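Please read the structure below before turning to the comments.
The values are calculated or read from the model by the stated rules, or taken from the named source; none is laboratory data. Because the structure is predicted, anything quoted here is derived from the model rather than measured. Counting neighbours? That spans all protein chains shown, and the Cβs are built from the backbone with ideal geometry, glycine included.
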Amino acid sequence: MRTMTNFQSGLVWFGAGVSIAEILTGTYFASLGFVRGLLAILTGHVIGCAMMLFAGLIGGKTGRSAMETVKMSFGGKGGLFFALMNVLQLLGWTAIMIYDGAAATEEIWGIGSAIWAVVIGALILLWIAVGVTNLGVINKISMAALFILTIVLCVIIFGHGIPSSAPDGTLSFGAAVELAVAMPLSWLPLISDYTREAKEPVKATWTSVVVYGLISCWMYVIGMGSAIITGESDIAKVMVKAGLGIAALVILILSTVTTTFLDAWSCGISAQSLSPKIKGRETALAVTVVGTILAMLFNMDDITNFLYLIGSVFAPMIAVQIADYFILKKDHFSENINVRNVVIWVIGFVLYRILMKIDLPLGNTLPDMLITTALSVVAGKVSPSKEKEGKKE
């Protein structure tokens with residue numbers, strides 16, 4: 001039953017966008033200078049959010065979860081690989097987000113990062129227990145607080161005008177675009193878990209993607225601006241210097257909880273695709289506990305390789321889905337494994353890893369997706385077709 005309104009969809013993805021991980025990633029763009037950095041952020045988000053939109057529309061129109069839509073292209077058993085990869089990446093994100101949130105709050109109130117990890121983990125458990133469609137007043141209050149506090153933070157950083165600095169050449173424009181693509185791309189394997197619940201799936205998908213894209217760009221710009229002005233890559237230290245105090249704690253904790261909740265919740269939903277015996281909510285709770293423990297035990301300061309791994313797996317995956325659903329209009333859900341699409345995905349994966357070594361002006365995700373989509377369309381037109389035509393609502 002579809003219960004989520006467009007407004008609820010906007011709130012969910014506002015919370016996803018307001019993220020410490022996004023602000024920290026934004027600090028890397030300082031080396032480009034403000035103007036070129038802003039252009040790289042906007043370019044990357046247009047590319048990444050376009051992929052999010054396609055993925056969300058497939059789930060919204062079919063009423064299937066993200067990993068169930070993957071089976072439409074790769075077959076029932078073929079989709080299990082991507083479900084497993086999604087579970088692992090979402091577990092990784094859960095741990096990374098809790099780690100980042102705990103490390104940041106520790107800078108403001110030094111009671112031990114492990115203790116902060118437990119506090120943040122406990123709040124995420126509360127969010128999961130309440131449920132995405134039942135958060136109601138809690139979510140509205142949280143989002144209002146985040147909105148106000150992020151505006152305050154923005155005013156503090158940019159209150160004296162647009163920062164300026166000369167590029168230092170440590171990050172190329174193409175690599176920066178790829179870092180901007182990476183965040184919306186990381187949400188691609190789970191957006192359908194929410195658009196499938198929408199009363200108006202197409203409108204909800206557009207709302208979700210536009211809200212997330214704008215807020216994510218905002219977070220990147222905050223990170224970049226703070227790094228240029230203060231020379232500081234740790235946003236918590238910037239908040240301390242700005243005298244935000246308790247307000248900084250609220251920003252850091254709420255932003256971590258509202259974002260990580262989506263990772264853990266969707267991890268549970270994706271796990272259900274692996275076996276009907278798996279229960280989504282219970283799995284999400286377990287993932288939060290495991291993520292909290294991992295955040296307490298391991299250093300997770302540099303996540304760039306993790307982001308690129310996500311891109312290499314999921315960019316060619318959605319390219320194949322786009323070709324099948326929107327162009328070829330095929331549905332392989334009833335098959336065990338669609339070998340043709342699996343082979344095309346492998347080619348796309350290898351191509352992505354090769355393109356990573358080449359400094360392209362628009363990054364490597366876009367050319368990888370275009371080539372993979374073209375291969376899918378050509379193969380689909382040339383090879384004998386036994387598949388059913390995909391149904392569209």
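Let me confirm something: among ILE322, ILE303, which residue is β-branched (Val, Ile, Thr), more than 14 Å from MET85 (Cβ to Cβ) and over 18 Å from the mean Cα position of the chain (by Cα)?
Details: ILE303 fails: over 18 Å from the mean Cα position of the chain (by Cα).
On inspection, the qualifying residue turns out to be ILE322.
Any idea which of ALA95, ALA103 is in contact (Cβ under 8 Å) with a residue 40 or more places away in the chain, under 21 Å from the mean Cα position of the chain (by Cα), surrounded by fewer than 22 Cβ atoms within 10 Å (Cβ to Cβ) and under 13 Å from ALA21 (Cβ atoms)?
Working: ALA95 fails: surrounded by fewer than 22 Cβ atoms within 10 Å (Cβ to Cβ).
Of the residues listed, the single one that is in contact (Cβ under 8 Å) with a residue 40 or more places away in the chain, under 21 Å from the mean Cα position of the chain (by Cα), surrounded by fewer than 22 Cβ atoms within 10 Å (Cβ to Cβ) and under 13 Å from ALA21 (Cβ atoms) is ALA103.
There is at least one residue in the range 4-14 that is within 30 Å of PRO276 (Cα to Cα), surrounded by fewer than 24 Cβ atoms within 10 Å (Cβ to Cβ), among the β-branched types (Val, Ile, Thr) and in contact (Cβ under 8 Å) with a residue 60 or more places away in the chain. The condition of being in contact with a Lys or Arg (Cβ under 8 Å, 6 or more places away or on another chain) and in a helix (DSSP H, G or I) holds for only one of GLY291, GLY268, that being GLY268. All conditions but one from (1) out of contact with any Gly (no Cβ under 7 Å at 6 or more places or on another chain); (2) part of a helix (DSSP H, G or I) apply to PHE29; the one that does not is (1). Scanning the range 99-109 for residues that are assigned to a helix (DSSP H, G or I) and touching a Phe, Trp or Tyr at 6+ places or on another chain (Cβ under 9 Å) yields TYR99, GLY101, ALA102, ALA103, ALA104, THR105, GLU106. Scanning the range 44-64 for residues that are of a type outside the set (A, V, I, L, M), surrounded by fewer than 23 Cβ atoms within 10 Å (Cβ to Cβ), at pLDDT 90 or above and more than 26 Å from GLU197 (Cβ to Cβ) turns up nothing.
Restricting ILE235, ILE253 to those that are under 21 Å from the mean Cα position of the chain (by Cα), within 24 Å of LEU42 (Cα to Cα) and either buried (at least 24 other Cβ atoms within 10 Å of the Cβ) or among the β-branched types (Val, Ile, Thr) (or both) reduces the list to ILE235. Count of the range 266-294 residues, restricted to those that are touching a Gly at 6+ places or on another chain (Cβ under 8 Å) and closer than 19 Å to GLU22 by Cβ, is 1.
Filter the range 18-56 for residues that are within 30 Å of ILE327 (Cα to Cα) and not hydrophobic (A, V, I, L, M, F, W, C) and give the result. Spell out how you get there, then give the answer.
Pass one, the range 18-56, residues within 30 Å of ILE327 (Cα to Cα): 40-56.
Within the range 18-56, THR43, GLY44, HIS45, GLY48, GLY56 meet the criteria.
Any residue that is of a type in the set (Asp, Glu), out of contact with any Cys (no Cβ under 6 Å at 6 or more places or on another chain), surrounded by fewer than 21 Cβ atoms within 10 Å (Cβ to Cβ) and at pLDDT 80 or above - is there at least one of those in the range 182-204? Yes, the conditions are met somewhere in the range 182-204.
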